[in-house]
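Below: the structure, in structure tokens.
The values are calculated or read from the model by the stated rules, or taken from the named source; none is laboratory data. Bear in mind the structure is a predicted one, so any value in this text is a computation, not a measurement. Backbone-built Cβ (ideal geometry, glycine too); neighbour counts: all protein chains shown.
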Amino acid sequence: MSAPTIEVRIPTILRPFTNGEKVVSADAADAADLAQLISALDAKFTGLGERLLENGELRRFINIYINDEDVRFMGSLSASLKAGDSVTILPAVAGGC
Amino acid sequence: MTRYESLEASLGHTPLIGLPKLSPKSLPGKPAVRLWAKLEDRNPTGSIKDRTAIAMIDDAEKTGKLKPGATILEPTSGNTGISLAMVAKVRGYNLICVMPENTSIERTQILEMWGAKIIYSPAAGGSNEAVRVAKELAAENPDWVFLYQYGNPANTLAHYTTTGPEIFEDLPTVTHFVAGLGTTGTLMGAGKFLREKNPNIAIIAAEPRYGEVVYGLRNLDAGFVPELYDASVITRRFSVGAEDSVRRVKELLEVEGIFAGISTGAILHAALGVAKECVEAGVGADIAFIVCDGGWKYLSTGVYGKEGDPEVLDGQLWA
């Protein structure tokens, strides 16, 4: 049986870091919160962390969602994670209307 | 009073409609959780953007930026352009809209009907590209009047002085306000007003999650956060994809008879999620959400039909 994981969706612009993979996963045991998840991903995909973080904070034009909710309103890097969660990374774009 | 001196004067005071069937049932002995839809399609050109457009033009006239016969320039994915096109036609201005090429055909047809000129921006990058192209054009054409809804305080102010007060007047017990996040004007303006009236109110943002093309930026620095955005006004923010949005907009039609545009489905999805949490927590709630526009402009996408497939929205800017 494989270890419980957290699924992470990678936007096109960051796929060069994940060998083109659209969805990657991390072991839930290594990712109790978002900061740990990013460290775990960076260990696997060198350079990815630096594209997501700047001076220890989320980059201004990066949005990350846990189960469709924006992490900036859930404690940002300390937002907690559990096995089965789905994480989506997206660049900030202008909405419609 | 339902008599107005002109079409523009009929702006706002849109109905707040209860959704008795779509509101979730509370647990036995627990207070009601009620959903309320503010029908912004009942505005002069059929969307919430009439508030923004009229406020920005009024402000530009007042400050002397906008002179008779002037040309207005605006990046838009449709509704703001349509509102501006009507007002420009009536007041005698020219309008140039910069619009992403991946929007529904009806938006182009309506814009042209009111005499607007359209400059298309590339599909990849979505509204970010429209904003970038419009900013370039504004710099190259200093005689054009660049209203710029993403950074114009008149946009936020319109919702602070109209949308917010209207909701509070109709529903003083409002506990949650849910709206779409585009220019952020609705959430910033109405949200700020409502929080002043009730510091405990939850202000919930529903952001459309598009297909990959729209996020196809050349680099991360091409990302965009509207100048009007102030995260401190927001309590929670949800990203809602096309599938959930289409499912909800059809539910709204089938269960309550309200025919809304696709972005309203995203907003309703967030509102229903919050409503469910309130039911589970056994707390009462009055959740007001915005119906941005009617579904007419999106019929060509085919998503409203029984066989309607949200995947057709993949490369489109559907909100």
Note on segment A:13-35: residues crowded, with 16+ Cβ neighbours inside 10 Å and either within 14 Å of chain B (Cβ to nearest Cβ) or under 24 Å from residue B:221 (Cα atoms) (or both) are A:13, A:14, A:17, A:18, A:24, A:34, A:35
Need pairs with beta-carbon distance below 8 Å; first residue in the same structural domain as residue B:195 (by TED's automatic domain parsing) and farther than 20 Å from residue B:73 by Cα and within segment B:147-165, second surrounded by 21 or more Cβ atoms within 10 Å (Cβ to Cβ) and modelled with pLDDT under 95; sequence gap 6+ or separate chains.
none
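Rundown of residues vs (1) in contact (Cβ under 8 Å) with a residue 40 or more places away in the chain; (2) touching an Asp or Glu at 6+ places or on another chain (Cβ under 9 Å), yes/no style:
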site: B:222; (1), (2): yes, yes
site: B:245; (1), (2): yes, no
site: B:257; (1), (2): no, no
site: B:260; (1), (2): yes, yes
site: B:276; (1), (2): yes, no
site: B:286; (1), (2): yes, no
site: B:293; (1), (2): yes, yes
site: B:300; (1), (2): yes, yes
Across segment B:110-121, which residue is nearest to the other protein chains (Cβ to nearest Cβ) among those that are closer than 27 Å to residue B:210 by Cα and not acidic (Asp, Glu)?
B:121
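Test residue B:205 against the stated conditions and say whether it is at pLDDT 95 or above and assigned by TED's automatic domain parsing to the domain that holds residue B:18.
On the way: at pLDDT 95 or above: yes; assigned by TED's automatic domain parsing to the domain that holds residue B:18: yes.
The answer is yes for residue B:205.
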Restricting to segment A:54-68, name every residue that is at the interface with chain B (Cβ under 10 Å from one of its Cβ atoms) and among the polar types (S, T, N, Q).
A:63, A:67
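Which of the following residues is crowded, with 17+ Cβ neighbours inside 10 Å, under 13 Å from residue B:180 (Cβ atoms) and not hydrophobic (A, V, I, L, M, F, W, C): B:241, B:273, B:295, B:261? Lay out the reasoning, then the answer.
Values: B:241 fails: under 13 Å from residue B:180 (Cβ atoms); B:273 fails: under 13 Å from residue B:180 (Cβ atoms); B:295 fails: under 13 Å from residue B:180 (Cβ atoms).
Going through B:241, B:273, B:295, B:261 in turn, just one is crowded, with 17+ Cβ neighbours inside 10 Å, under 13 Å from residue B:180 (Cβ atoms) and not hydrophobic (A, V, I, L, M, F, W, C): B:261.
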Restricting attention to segment B:228-243, which residues are more than 12 Å from residue B:207 (Cα to Cα), more than 8 Å from chain A (Cβ to nearest Cβ) and either basic (Lys, Arg) or in a helix (DSSP H, G or I) (or both)?
B:232, B:233, B:243
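In segment B:122-155, what residues are more than 27 Å from residue B:314 (Cβ to Cβ), within 12 Å of chain A (Cβ to nearest Cβ) and among the aromatic types (Phe, Trp, Tyr)?
Applying the first criterion (more than 27 Å from residue B:314 (Cβ to Cβ)) to segment B:122-155 yields B:135-148, B:151-155.
Now narrow it down to the ones that are within 12 Å of chain A (Cβ to nearest Cβ): B:135, B:148, B:151, B:155.
B:148, the sole residue that qualifies.
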(1) farther than 22 Å from residue B:38 by Cβ; (2) without any contact (Cβ under 8 Å) to a residue 60 or more places away in the chain all hold for residue B:233 apart from (1)
Step by step: first the residues of segment B:201-219, then only those that are over 18 Å from the mean Cα position of the chain (by Cα) and farther than 13 Å from residue B:129 by Cα, then the one that is nearest to the other protein chains (Cβ to nearest Cβ). Which residue is that?
B:212
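Table: residues versus (1) in contact with a Cys (Cβ under 9 Å, 6 or more places away or on another chain); (2) assigned by TED's automatic domain parsing to the domain that holds residue B:85; (3) in contact (Cβ under 8 Å) with a residue 24 or more places away in the chain; (4) not in a strand (DSSP E or B).
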position: B:3; (1), (2), (3), (4): no, no, no, yes
position: B:13; (1), (2), (3), (4): no, no, yes, yes
position: B:22; (1), (2), (3), (4): no, no, yes, yes
position: B:34; (1), (2), (3), (4): no, no, yes, no
position: B:55; (1), (2), (3), (4): no, yes, yes, yes
position: B:59; (1), (2), (3), (4): no, yes, yes, yes
position: B:66; (1), (2), (3), (4): no, yes, yes, yes
Taking helices (runs of 4 or more DSSP H) that fall entirely within segment B:91-195, which contain at least 1 residues that are surrounded by fewer than 16 Cβ atoms within 10 Å (Cβ to Cβ)?
B:105-113, B:126-140, B:164-170
Scan segment A:57-77 for residues that are without any contact (Cβ under 8 Å) to a residue 12 or more places away in the chain and either more than 27 Å from residue B:244 (Cα to Cα) or β-branched (Val, Ile, Thr) (or both) and jot them down.
A:59
Confirm whether residue A:51 is touching a residue at least 24 places away in the same chain (Cβ under 8 Å), within 30 Å of residue B:76 (Cβ to Cβ) and surrounded by fewer than 20 Cβ atoms within 10 Å (Cβ to Cβ).
no
